[in-house]
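Enquirer: This structure is in structure tokens; I'll ask about it shortly.
The values are calculated or read from the model by the stated rules, or taken from the named source; none is laboratory data. Given the structure is predicted, the values throughout are model-derived calculations rather than measurements. Reconstructed Cβ throughout: ideal geometry from the backbone, glycine too, with neighbour counts over all protein chains shown. These area figures cover heavy atoms from the full protein model, side chains too; ligands, DNA and RNA do not enter into them. Shrake-Rupley method; radii C 1.70, N 1.55, O 1.52, S 1.80 Å.
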Amino acid sequence: MSIFSFTLFIFRYYSSDTKVFLFLNWNLFLAIIPFLVSTFISKFQVKSKSALVALIVIWILFFPNSPYILTDLFHLRARNIVPIWYDLIVILSYAWTGLMFGFVSLLQIEKLLLEFLNKKFIVLLSILFLFISSFGVYLGRFLRWNSWDILSDPFGLFKDISYRIIYPSENPRTWGLTILMGILLNLMYFSIKLFRKI
């Protein structure tokens with residue numbers, strides 16, 4: 001899927017001589033990071049609790065980048081050079097690929113947590129992760145925060161998050177997107193888990 005998405009982009013770039021969707025490659029790279037982190041934990045069997053906690057925190061910070069690409073559909077519009085149906089397929093291919101990297105990484109984290117927690121609690125954690133991820137998507141799409149801003153501007157980030165938590169009625173878009181996208185991601189993720197058992 002990554003190769004297919006990149007091929008679509010390259011074809012579009014050379015046929016139209018525009019870099020309109022160049023950002024999709026960066027967004028996909030960010031979406032791959034949680035997968036790389038969870039794969040590293042799984043393959044190298046990290047035993048140190050402090051290192052494990054640090055890696056899971058990094059995973060949580062980057063995990064929203066996986067579903068974030070879904071919101072790149074906002075960039076879909078008719079352009080004279082390339083037909084809109086082609087651009088739709090380009091964005092959807094990147095969005096699906098990013099989402100799959102995220103879902104696979106969540107499956108790996110679930111498997112890892114089975115060593116420490118019971119299965120029912122892990123399900124609740126996964127549901128929570130997906131809702132937190134949706135909130136992260138809102139922060140990225142509408143407030144333009146990035147995963148690394150927790151280091152570069154932690155106070156500004158904390159201020160924006162706190163305001164939306166303390167005054168939810170004044171931020172309907174925040175919670176509308178967080179709740180609805182959270183439900184959508186949960187339905188998609190647990191549907192995939194269900195299909196794996198068939």
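Enquirer: Are there any helices (runs of 4 or more DSSP H) wholly within the stretch 42-115 with 2 or more residues that are in contact with a Ser or Thr (Cβ under 6 Å, 6 or more places away or on another chain), and if so which?
Expert: Values: elements: 49-62, 65-68, 84-113.
Passing ranges, in order: 49-62, 84-113.
Enquirer: Another question, then. Where the second residue is of a type outside the set (Val, Ile, Thr) and the first is in a loop (DSSP other than H, G, I, E, B) and lies in the stretch 150-175, which pairs have Cβ atoms under 6 Å and are six or more apart or on separate chains?
Expert: Asn171/Arg164
Enquirer: Exactly one condition in (1) exposed (fewer than 13 other Cβ atoms within 10 Å of the Cβ); (2) not in a loop (DSSP other than H, G, I, E, B) is false for Gly140; which is it?
Expert: It is condition (1) that Gly140 fails.
Enquirer: Does any residue in the stretch 18-37 that is over 13 Å from Thr97 (Cα atoms) come within less than 8 Å, Cβ to Cβ, of a residue that is outside any helix (DSSP H, G or I) and open to solvent by 40 Å² or more (accessible area, probe 1.4 Å) six or more places away or on a different chain, and which pairs are these?
Expert: Correct list of pairs: Thr18/Ile81; Val20/Arg79.
Enquirer: Suppose the filter is open to solvent by 40 Å² or more (accessible area, probe 1.4 Å), out of contact with any Leu (no Cβ under 8 Å at 6 or more places or on another chain) and small (Gly, Ala, Ser); does Ser15 pass it? Spell out how you get there, then give the answer.
Expert: Working: open to solvent by 40 Å² or more (accessible area, probe 1.4 Å): yes; out of contact with any Leu (no Cβ under 8 Å at 6 or more places or on another chain): yes; small (Gly, Ala, Ser): yes.
Yes: the conditions hold for Ser15.
So that you can scan it fast, the table gives a plain yes or no per residue for (1) under 15 Å from Pro34 (Cα atoms); (2) in contact with a Gly (Cβ under 7 Å, 6 or more places away or on another chain); (3) crowded, with 17+ Cβ neighbours inside 10 Å:
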| site | (1), (2), (3) |
| --- | --- |
| Ile91 | no, no, yes |
| Leu99 | yes, no, yes |
| Val104 | yes, no, no |
| Glu115 | no, no, no |
| Ser126 | yes, no, yes |
| Phe129 | yes, no, yes |
| Ser133 | yes, no, yes |
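Enquirer: Checking Ser66 against (1) closer than 25 Å to Met188 by Cβ; (2) open to solvent by 20 Å² or more (accessible area, probe 1.4 Å), which test does it fail?
Expert: (2)
Enquirer: With (1) open to solvent by 80 Å² or more (accessible area, probe 1.4 Å); (2) over 20 Å from the mean Cα position of the chain (by Cα) as the list, and Arg164 as the residue in question, which single condition is left unmet?
Expert: (1)
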